[in-house]
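The values are calculated or read from the model by the stated rules, or taken from the named source; none is laboratory data. All values derive from a computational prediction rather than experimental measurement. Every residue, glycine as well, gets a Cβ built from its backbone with ideal geometry; the counts of neighbours run over all protein chains shown. SASA here: full protein model, heavy atoms, side chains in, ligands and nucleic acids out. Shrake-Rupley method; radii C 1.70, N 1.55, O 1.52, S 1.80 Å.
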Amino acid sequence: MAGIFNFLASPSRFRRLSERLYPYTIFLMVLFLILGLWYGIYSSPPDYQQGETVRIMYVHVPAAWMAMMIYFSMTLMSIFSLVWRHPLADLLAKESAPIGAMFTLIALVTGSIWGKPTWGTWWVWDARLTSVLILFFIYLGHVALIKLFDDEEKGSKAAAILTIIGAINLPIIKFSVDWWNTLHQPASVMRLDGPSIHIDMMIPLIFMAFAFLFYYLSFLFINTQAELYKRRVKKIYLQNLMRKEK
Amino acid sequence: MRNFFKLVLRDFKLVIKGSNETLAAIMFYVLAIIMFPLSSGTETDLLSKIAGGAIWMAALFSSLLSLDRMLRSDFEDGSLELMVLSKMSLESIILAKCLSHWLTNGLPLVVLSPILCIIIGLDFSYWWILLLTLLIGTPSLTLIGATPAALSCVIGKGGVITAMVMLPLMLPILILGAGAIEAEISGLGGIGHLYALSAILPISLLVAPFLAAKAVRLGWE
């Protein structure tokens with residue numbers, strides 16, 4: 001395990017690896033997106049109670065999963081960055097935050113659109129919705145905090161510290177539907193006694209989840225590459241300046 | 001350990017003798033609570049419903065105000081660096097700072113709460129749950145706020161930024177604290193919320209000093 005992290009510790013090695021992986025992740029994303037949309041829109045039955053609006057769930061649920069998954073991975077990266085000073089962990093966490101914020105926003109907006117016909121209201125202050133909104137603000141705080149520092153490396157370290165404190169929100173989100181009597185329904189897929197939804201709805205859900213996962217990976221790769229190239233350009237620029245001085 | 005209590009005592013004395021800022025934060029707490037009846041009407045029914053939330057809201061903002069200065073003066077004039085050069089670790093210094101901050105800013109809020117309970121029109125039979133939530137919640141507020149406070153020292157610009165970073169982290173405590181009172185009033189029993197609230201305190205006690213110390217060291221790099 002440690003070998004992999006050591007292997008990825010060199011930014012240029014990571015860049016080369018991600019450049020090689022990037023086409024595959026894009027391909028897998030498009031593949032799963034087409035499959036997921038096909039099953040989600042045409043090939044799955046409407047719900048007996050929710051009717052056609054259930055199809056919103058095929059976007060909403062995977063987006064909410066990704067919102068939490070990305071925050072969890074950011075927490076791991078922050079621990080890596082603070083404990084082992086892994087040079088890439090900061091960068092990956094920094095590039096993950098906007099994508100995570102986007103998925104959180106998608107989950108909130110689609111949930112609200114679904115809530116209007118089903119619950120009769122756009123928004124309720126129940127524990128699940130509120131805790132996800134807090135997650136969104138924590139993501140925004142992460143993005144803002146890095147920009148506040150003049151030195152980007154310091155900003156990333158500060159943001160890493162913030163991420164770890166904010167991780168206390170994750171179990172609250174996950175278990176909010178069990179701890180409180182919420183309008184939001186309890187978990188139906190990630191349960192100890194197995195999923196309670198029908199296989200016809202499970203298939204598009206899983207496909208969309210994979211599509212979103214590969215979306216995250218490919219955009220993480222491309223953003224990180226861009227950032228690494230930006231740093232290299234800066235370095236070369238500085239080197240040229242030094243040469244001219246001589 | 002003796003140094004730890006010496007440091008707590010030093011900060012405590014500094015607050016008592018010196019600045020009026022702590023007093024101002026406590027006055028703000030009382031004033032903010034008085035604002036609620038003035039702004040949202042004085043009907044007793046309505047007031048008794050929002051009372052728990054109003055008191056918690058005021059407590060949150062009061063600690064936001066005072067937290068920003070918890071480490072600032074010692075960070076800026078270099079006393080913090082000198083303290084680290086002594087035998088104490090930065091983590092225990094931060095813990096001592098948090099303790100003295102809670103004694104001077106958190107504890108008064110807790111002690112005042114039964115009186116404010118009467119002012120705002122919360123049924124007096126619920127004073128114990130209000131007191132308990134504040135007693136468990138305010139130390140968590142201090143501990144969780146310590147890290148953003150340290151970060152704001154490092155950035156050098158305080159105020160709004162600290163609030164923006166700090167508030168989302170504190171919201172779970174606010175929700176649980178105000179929720180406990182509301183659940184108790186509605187007859188559901190607030191003890192469940194109280195358990196969750198008291199789970200946050202040891203976690204933040206364990207994590208906060210290390211993260212806040214990390215944040216302070218960031219400023220010295």
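Annotation: of all residues in region B:190-206 being over 21 Å from residue B:123 (Cβ atoms) and either among the polar types (S, T, N, Q) or without any contact (Cβ under 8 Å) to a residue 40 or more places away in the chain (or both), the one that is most open to solvent (accessible area, probe 1.4 Å) is B:195.
Which residue pairs have Cβ atoms closer than 6 Å, lie 6 or more positions apart in sequence or on different chains, and pair a first residue in region B:207-221 that is open to solvent by 20 Å² or more (accessible area, probe 1.4 Å) with a second residue that is aliphatic (A, V, I, L, M)? Short answer, once both residue conditions are applied: B:214/A:161; B:219/B:154. Within region A:131-148, the set of residues being open to solvent by less than 20 Å² (accessible area, probe 1.4 Å) and over 12 Å from residue A:93 (Cα atoms) comprises A:131, A:134, A:135, A:138, A:141, A:145.
When residues in region A:106-117 are screened for being surrounded by fewer than 16 Cβ atoms within 10 Å (Cβ to Cβ) and touching a residue at least 24 places away in the same chain (Cβ under 8 Å), 2 of them pass. All told, residue B:148 falls short of being assigned to a helix (DSSP H, G or I), within 11 Å of chain A (Cβ to nearest Cβ), free of Cβ contacts under 8 Å to residues at least 12 places away in the same chain and within 20 Å of residue B:59 (Cβ to Cβ). In the set (1) assigned to a helix (DSSP H, G or I); (2) without any contact (Cβ under 8 Å) to a residue 40 or more places away in the chain; (3) more than 9 Å from every other protein chain (Cβ to nearest Cβ), residue A:95 fails one condition alone, (2). Flag: residue A:51 matches the condition of being on the phi > 0 side of the Ramachandran plot and either in contact with a Pro (Cβ under 9 Å, 6 or more places away or on another chain) or among the small types (Gly, Ala, Ser) (or both).
Only one of the numbered conditions (1) without any contact (Cβ under 8 Å) to a residue 12 or more places away in the chain; (2) in contact with a Leu (Cβ under 7 Å, 6 or more places away or on another chain) is not met by residue B:52, and that is (1). Against the numbered list (1) surrounded by fewer than 18 Cβ atoms within 10 Å (Cβ to Cβ); (2) part of a helix (DSSP H, G or I), residue B:187 comes up short only at (2). The numbered conditions (1) modelled with pLDDT under 80; (2) more than 15 Å from residue A:64 (Cβ to Cβ); (3) more than 14 Å from chain B (Cβ to nearest Cβ) are all true for residue A:118 except (1).
Put simply, of A:109, A:124, A:132 the only residue that is part of a loop (DSSP other than H, G, I, E, B) and away from chain B (no Cβ under 11 Å) is A:124.
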